């Protein structure tokens, strides 16, 4: 490119040299135009060179990208012209056949296959020209690895920018590899099936364990109540037997008999026998109901609804629990004398027993422990509340108390199923069971069930 100094030398009027055009009048403008055109041409050449370098860089990047894709392919790839001559192959084919690309270019594509497959390969291009789709053709390569020799081939036409057919592209997946993948998939499926079966067995055993634990928990209270009553009846029976024996041997001395009657507390015994027998019968009936519930469960039957006085049920349930306690808390019932309900009597009885038992366990060792049971009808529901004056429920545990096997009791002192079972029983009756802490201290559990359980009809 001409510089500014060159332009100045040209405009000075220096003597012209032979063969050069002298700068005469008006010649300076001509030379300036020439220099400007030369500058423009040079600039265009520089821009063209820069553009070519950028395009070349992009082409190299594209070539490198295509090369990396071809190198990463596990399927074999063969590019042929319209004569069926090989133009390009990928590294996967080189690895399969043991032959390098530079040795294959220009050879007929049929040379890559065994004798049985060559006729089929030769007919691929005519099929493409006829517009037919070539897919899933099983062909055999002349491969060094017999497991990789059999391939499933898809063939597609290769066209130029004008849409004219200029060759074909063969892509083949080793069927041996597919078969191995299928075997691995089948093996994984079998292992998964076995794992699922083991999980099902484990879940069934866990469910059976929960069922057994729940049944044991439900049976514990009535059996304990019956056992306590039978122990008391045994003592009372011994006292009555002693008194009757004394009557037979005393000759009917009124004074001696009266003294013995007082010492043995026969009058109190006679007063207690009736309630003890009734309580024992109720406990036995509850055991019977639990067994029936278990039978219904095993046969997918539901407990039928029946009408009953829930007030009597609550009193019986509370009496069962309190009589089995070593230190008996005070129990206060605030419930109408007659509160009728139609529903699942056995399940509701168990809910009340579990709630009162839970309150009694919390108050164990408390000299001024008190349990308050209230009941009322609210709209179409019957609401029973069981409250205590214990320490209450820790806030971080209040959302977990209805989970199975969750308990705050020491190990061996509780199963963690009482509240879980009660919650599910309430839900099955179309009601609910909630827990909260009382403002004055202690916890309160509220069970709400429909006064007329239509679902159990």
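The values are calculated or read from the model by the stated rules, or taken from the named source; none is laboratory data. Since the model is a prediction, treat every value here as computed from it, not as a measurement. Glycine gets a Cβ as well: all are built from the backbone with ideal geometry, and neighbour counts include every protein chain shown.
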Closer than 19 Å to residue 350 by Cβ and modelled with pLDDT under 90: does that describe residue 405?
-> yes
Evaluate the following for residue 55: is it at pLDDT below 85 and either closer than 23 Å to residue 181 by Cβ or within 45 Å of the chain's Cα centre (by Cα) (or both)?
-> no
Do we find a residue being modelled with pLDDT under 80 and part of a loop (DSSP other than H, G, I, E, B) anywhere in the range 224-231?
-> no
Pairs with Cβ under 9 Å, 6+ apart, first in the range 249-271 and closer than 26 Å to residue 232 by Cα, second part of a loop (DSSP other than H, G, I, E, B) and at pLDDT below 80 = 256/250; 257/250; 260/250
When you look at residue 75, is it touching a residue at least 24 places away in the same chain (Cβ under 8 Å) and surrounded by fewer than 16 Cβ atoms within 10 Å (Cβ to Cβ), yes or no?
-> no
Residue check: is residue 321 touching a residue at least 12 places away in the same chain (Cβ under 8 Å), surrounded by 20 or more Cβ atoms within 10 Å (Cβ to Cβ) and over 17 Å from residue 228 (Cβ atoms)?
-> no
Select from the range 169-202 the residues that are assigned to a strand (DSSP E or B) and at pLDDT 85 or above and write down the one among them that is farthest from residue 114 (Cα to Cα).
-> 169
Test residue 413 against the criterion of being modelled with pLDDT under 80 and either more than 16 Å from residue 359 (Cα to Cα) or out of contact with any strand residue (DSSP E or B) (no Cβ under 9 Å at 6 or more places or on another chain) (or both), and give yes or no.
-> yes
Filtered residue count, the range 112-123, keeping only those that are in contact (Cβ under 8 Å) with a residue 24 or more places away in the chain and surrounded by fewer than 20 Cβ atoms within 10 Å (Cβ to Cβ) | 3
If you scan the range 129-144, which residues turn out to be farther than 16 Å from residue 168 by Cα and not in a loop (DSSP other than H, G, I, E, B)?
-> 138, 139, 140, 141
Would you check which residues across the range 346-370 are surrounded by 17 or more Cβ atoms within 10 Å (Cβ to Cβ) and over 36 Å from the mean Cα position of the chain (by Cα) and list them?
-> 360, 363, 369
Where residue 166 falls short, out of the listed (1) in a helix (DSSP H, G or I); (2) at pLDDT 85 or above; (3) out of contact with any helix residue (DSSP H, G or I) (no Cβ under 8 Å at 6 or more places or on another chain) = (1)
